[in-house]
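Working notes, beginning with the structure itself.
The values are calculated or read from the model by the stated rules, or taken from the named source; none is laboratory data. Keep in mind it's a predicted model, so treat the numbers as computed, not measured. Every residue, glycine among them, receives a Cβ derived from its backbone with ideal geometry; neighbour counts consider all protein chains shown. Accessible surface areas use protein heavy atoms only, side chains included; no ligands, DNA or RNA. Shrake-Rupley method; radii C 1.70, N 1.55, O 1.52, S 1.80 Å.
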Amino acid sequence: MQRIVFLDADTFAPGVEPPQPRFPHQWVNYPATAPDQVAARAADADILIVNKVRIGARELEALPKLKLVALTATGFDNVDVAAARAKGVAVTNIRGYSVNAVPEHAFAMILALSRSIFAYAEAVRAGRWQAGGQFCFHDFPIFDLSGKRLGLIGSGSLGARVAELGRAFGMDVVFAGRKNASAPGAGRVGFDELLATSDVISLHCPLNAETENLLSDREFALMTRKPLLINTARGGIVDEEALERALDAGLVSGVGIDVTRPEPPPADSAIMRLARRANVLITPHVGWASLETQRVLMDQLGAALESFVAGGRMNRLD
């Protein structure tokens, strides 16, 4: 009998049911779990399921019965995989499940910002159309995507799908080489060149030591084409204070953000100040969260749990 504990089940929408593994088990859901609650709630767990709850060396030390940490996400920056390996605890994640949802969300933001959709809709609600006295008004900029350069940082399944969508709109799509690399690599442009030549920049890379604050003051200063910046990857990839300065300086013409650090952001944070601007769209990390995608994720979670119990290595990170 495997005891399964899900520490933050409310990260999924109502009606999205957890899997029903075919091995004997007891399943316990907690809506959310604070850091100081992890040890007590997971004390008897053989399998621990987490989305964003932090599982580090200290938590692992307090859970001698634990065999598996199963992430309900692709990103694993909230789990100390090295510490888990040292304790003999397996770690799995979910892969390829949001190949449509996140790219569509990113492109929805690109379209909304390039056409100033939300700014115009808000102006209409405020009575600006009637006040203008003409059949239309031109308070906010609009530009076509066809012929514009779409620069992608990250070339995995999500970045590749955004590239497909960009090409369908007639965009010139390029992928960035690694920052500070001596050469960009085959089929890529230099990192700095991408920043300087792109009209839209979209992030699709993981958060790690190499990508933390990947975009800060130096990088924004290179954005001579005043691009739209889209981040549906991880909040820590963009220096949010530097982003605010870049918008103030007109180095970036618009921003779409689905991820922040922390989540939710503090009420007095740079992100929340930016949220009040007409050329900024902030959504609450829901780019992945179509119902179809959540159900695919749960199916894959169930398969990974069954693989682990049967001695397999599906989606193993350790």
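For this structure, a couple of remarks:
- Selected residue (only one of 104, 122, 164 is exposed (fewer than 15 other Cβ atoms within 10 Å of the Cβ) and under 22 Å from the mean Cα position of the chain (by Cα)): 164
- Within the range 284-308, considering residues that are touching a residue at least 40 places away in the same chain (Cβ under 8 Å) and outside any helix (DSSP H, G or I), the one most open to solvent (accessible area, probe 1.4 Å): 286
- Counting the residues of the range 198-209 that are open to solvent by 60 Å² or more (accessible area, probe 1.4 Å) and modelled with pLDDT of 95 or more gives 0.
- Taking the listed residues 38, 69, 81, 16, the one that is under 27 Å from residue 260 (Cβ atoms) and out of contact with any helix residue (DSSP H, G or I) (no Cβ under 9 Å at 6 or more places or on another chain) is 81, with no other qualifying.
- Of the residues making up the range 84-117, those that are touching a helix residue (DSSP H, G or I) at 6+ places or on another chain (Cβ under 9 Å), over 30 Å from residue 254 (Cα atoms) and not in a loop (DSSP other than H, G, I, E, B) are 84, 86, 87, 90, 91, 92.
- Qualifying residue in the range 24-40 (condition: open to solvent by 40 Å² or more (accessible area, probe 1.4 Å), aliphatic (A, V, I, L, M), in contact with a strand residue (DSSP E or B) (Cβ under 8 Å, 6 or more places away or on another chain) and within 20 Å of residue 308 (Cβ to Cβ)): no
- Looking across the range 179-197, the residues that are at pLDDT 95 or above and part of a loop (DSSP other than H, G, I, E, B) come down to 179, 188, 190.
- Qualifying residue in the range 211-225 (condition: open to solvent by 10 Å² or more (accessible area, probe 1.4 Å) and under 30 Å from residue 46 (Cα atoms)): no
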